[in-house]
Each structure stands twice: as structure tokens, then as C-alpha cells.
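Chemist: Have a look at this one.
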Amino acid sequence: MWIAYTACVAACPTQNNAVADCKLSENSIVTSCAPSPSPYDSELFLDRWCMPVYDTLDPSIQEKYNNVVGTFGLDDLDMYARDIRLSWKAYLICLFSVFVLIFFWNLMLNMFAEILAWISIFLVGAGLCALGFLVKYYADENYPEDDTTGKWLNRGSYVLWALTGIYVLAVLCSYSAIKISVKVLRVAAKVIMSNLRMIIVPVVGIVTIVVWIIFFAYSMLWLMSCGEMVSN
């Protein structure tokens, strides 16, 4: 759909050089390279597309352009790429921190697997119960007794307390299975600690997929910008 509205230019058009040696495709819906209703500045996007500078567009078409770009998300993509390029140090720090946390978490599982498991189970149940009290308190403080929203919030708190009860019963019924699972966690932590290279495996997979997607998207933009190939 975009190809029908595109044109090839020698350089991205500006307010001082609006046409910039423009060439139209035979099947293009655009019949003139003259900017309408007025000249505007543009900037190169991913070394292939000339995207208008929003502030220099005529007010009558700013909303239309914003809707088109918002639909395709090219302005967001350009912003994300720029943010990643400028914040690469922060990403490296986060990546290093994740590996450190993984190491210490596995070390703690190796030493205190049973304690950590029961603390996690307790925190989930306590969180559900506390959330019920929070919803109940919010309803009582912000809505009158006969208010419909307040009634629904009160019912929501009762549902949360019922879920807490079911959760406690499920934990009690699964006590033996939980103890077996804790031992499995301890063994898994020992395996990871004895072979830390296993931590890198999912990271390599994710990086490979991301690089492939970026390469695919970049190649697709180049192919789209070629328009219709005609042999002379």
C-alpha cells in the first residue's frame, strides 16, 4: 500500500529544496513531486526512507501524518533505536546485574532451597490476603455503603479471601509434592552451579532471534523502498 504513495528522490527534501530530483513510479498514485500544501523538512530513516519532520508539516496535514505513522509505528521504532544507541551502557550494566543475580539466586537455592520455597509460598498467600484487606479498606473509605462500586469491591475482597483459603488448602494437600519439588530445585541449582555455562544458553538464543528479526525488518524496508522493478 505504501509503494503507491512513494517516490524516489536523490536526497531527502527540505523546505529550501522541496523536489530534490524526484522520480515517480508508473503505477504511483502520486502525480506530482511538488509538496502539498507547502514545503517541509524531512530526515533519513534507517538510511532508506525520508520521513517528514512533524513540526515543519502544514497544520492541515499534521493529524493525517500522525495517524499514518502511528499506525505503522515507524516514529516509535526510530525512537527505540535511538534510545538503545544512546543507552547501551545502561543495558550492559543491567545484563551484568542479571547474571550476578542468577549466580546468587542459584547459590542460595543450593544452600537454602527449602527455606526459600516456603518463604515464597507464604508470601503468595499473605499477599492474596493482604490484597483482600486493601480492597475492602479502599471500598469503605471511598464509597458510601449503598454505592454499587463499593459493593462490587467488597465482593472482590471476599473473593480474594476465598482464594486465599483455597490456596492454603492446596498447599496443605500438596505438602509431600512440595517437599519433592524443593529437592529437585536443590539438585537443579547444584547442576547449574557446577556448569555455569548453562546460563548463557537462553541468552544466546534470545540474542540470535533478536538479531535475525532486526536483519529481516531492515532487509524488508530496503525491498519495500525499491518499488516496482521495471526492465528498460
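Chemist: If neighbour count is taken as other Cβ atoms inside 10 Å, put THR56, THR6 in order from fewest to most.
Modeler: Working: THR56 14, THR6 18.
Lowest count first: THR56, THR6.
Chemist: Something else: For the range 101-106, just list the computed ³J(HN,Hα) in residue order, Karplus coefficients 6.51, -1.76 and 1.60, θ = phi - 60°, integers in Hz, with x standing in for Gly and Pro.
Modeler: Computed from phi, the couplings for the range 101-106 are 5, 4, 4, 5, 5, 5 Hz.
Chemist: Which far-off residues, 5 or more places away or on another chain, put their amide H under 5 Å from the one on CYS50, with H placed in the peptide plane?
Modeler: PHE45
Chemist: On to the next question. Output ³J(HN,Hα) for the range 81-88: one whole-Hz value per residue in order, computed from phi by the Karplus curve 6.51 cos²θ - 1.76 cosθ + 1.60 with θ = phi - 60°, and x for Gly and Pro.
Modeler: 4, 5, 5, 5, 5, 7, 10, 5
Chemist: What percent of all Cα-Cα pairs in the range 87-194 falls in each 5 Å bin, counting up from 0?
Modeler: Spelled out per bin, shortest first, that is 2, 11, 13, 12, 11, 11, 11, 10, 9, 6, 2, 0, 0.
Chemist: Could you run the Karplus curve 6.51 cos²θ - 1.76 cosθ + 1.60 with θ = phi - 60° over the range 150-157 and give me ³J(HN,Hα) per residue in whole Hz, x for Gly and Pro?
Modeler: Once rounded to whole Hz, the list reads x, 5, 5, 5, 4, 5, x, 5.
Each value in this text was obtained by applying a stated rule to the coordinates, not by laboratory testing. Fair warning: this is a prediction, and the values are worked out from it, not measured in the lab. Because the Cβ atoms are built from the backbone with ideal geometry, glycine has one as well, and the counts that use them run over all protein chains shown.
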